[in-house]
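Working notes for the structure below.
The values are calculated or read from the model by the stated rules, or taken from the named source; none is laboratory data. Note that this is a predicted model, so its numbers are computed, not measured. A quick note on method: Cβ atoms are made from the backbone with ideal geometry, for glycine too, and the neighbour counts reach across all protein chains shown. When the accessible area is computed, the model is the full protein with side chains, heavy atoms only, and any ligands, DNA or RNA have been set aside. Shrake-Rupley method; radii C 1.70, N 1.55, O 1.52, S 1.80 Å.
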Amino acid sequence: MSFIDHLEALRWHIIRSAIAVVVFTTGAFFAKDFLFHDVILGPSRPDFWTYRMFCKFGNWVHAPDLCIDKIGFVIQNRQMSGQLTMHISTSFMAGICLTFPYLFWEIWRFVKPGLYPHERANSQGAVFFVSVLFALGLLFGYYIAAPLSINFLAGYVVDPTIENQIDMQSYLSTLSTMSLSCAFVFELPMIVFFLAKAGIVSPEIMQVYRKHAIVVILIIAAIITPPDISAQIIVTIPILLLYELSIHIARVVRRGDTARLNAKLAREQAMGS
């Protein structure tokens, strides 16, 4: 294909992706009650699923302090067009999240024809695993990281006379940042898989630099969570598990590449003899 043909193919991938985003954004826009009351504002109420689970766990271990039965802030809108703007932007963000598997599939369809046969074979299931990891990270951020951050920030006061009246945009920014950050961090195994296939990383390198990686993970957890030790630990643990899983994935990739090279060498020796 010529350069113009590649641009034409890319144009249609972009058009189909844009149509999908518009369709899901429109659906989210008209599902306003569910989107805002149940999803967006869910972590701002004490009856949220995460808080109820913490209460049950607190009762089970006889630690009533773990029960979150009150959220100490009020959400307000301070701009004339604030709610309309927030409605549109939130609907668009929801549309992006819902269409992410399809968007990645369109990107993959554009890239796939340019790969060698063995590269296409090695990348089978990429769309599925990327989508699953993105969904798991998004759910972890929404149900675990974001509620802990919101509860900590809402309960932090420097003086009891100061009320926490939070602007809606600030609340939405915290919720979306926490959720999306976890969604992309959870893509670590797939990133390591492709880097290992390219020969850029190896399990030995990842094991040698494990201590350095732990420091980096702690820094990442500190960035995407408030200065609350419990929240940072809860976010750090799954990232560490993902790093260990990535080492195993890199080891499997190395083993598969070695077996394939040995088989190729054996065929060449057989043909030479």
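Simple point charges give the picture: +1 on the Cβ of Lys and Arg, -1 on the Cβ of Asp and Glu, and for the chain a dipole about the Cα centre of about 960 debye. Distance distribution note for the chain: the fraction of Cα pairs above 22 angstrom is 68%.
In a reduced charge model with +1 at each Lys and Arg Cβ and -1 at each Asp and Glu Cβ, region 4-95 shows a dipole moment near 140 debye about its Cα centre.
With respect to the chain, whose longest principal axis is taken over its alpha-carbon atoms, helix 188-197 is tilted by about 10°. When the P(r) is computed for region 1-118, the part past 16 Å accounts for 73% of the Cα-Cα pairs. Against the chain, whose longest principal axis is taken from its Cα atoms, helix 3-30 shows a tilt of about 30°. Between 0 and 90 degrees, the angle of helix 210-224 with respect to the longest Cα principal axis of the chain falls at about 40 degrees. Could you compute the net charge surrounding V127? Neighbours are other residues with a C-beta less than 11 Å from the C-beta of V127; K and R count +1, D and E count -1. Charge balance near V127 sits at +1.
GNM on the chain, alpha-carbon springs under 10 angstrom: the most fluctuating residue among V21, V61, V185 is V61. Compute the whole-percent fraction of alpha carbon pairs in region 50-167 spaced more than 17 Å apart. Roughly 73 percent, rounded to a whole number. Roughly how many percent of the accessible protein surface of region 1-151 is carbon and sulfur, given a 1.4 Å probe and a whole-percent answer? Accessible surface attributable to carbon and sulfur in region 1-151 totals 70 percent.
Converting the Cα gyration tensor eigenvalues of region 168-263 into ellipsoid dimensions via √(5λ) gives semi-axes, longest first, of 32, 14, 9 Å.
In this structure the chain gives 61 Å² per residue of accessible area when probed at 1.4 Å with all protein chains present.
By the rule of a second cysteine Cβ within less than 4.7 angstrom, the chain holds isolated cysteines at C97, C182. Cross-link partners for K211 among the aspartates and glutamates, with Cα-Cα distance under 13 Å and sequence neighbours closer than 8 places in the same chain left out: E244.
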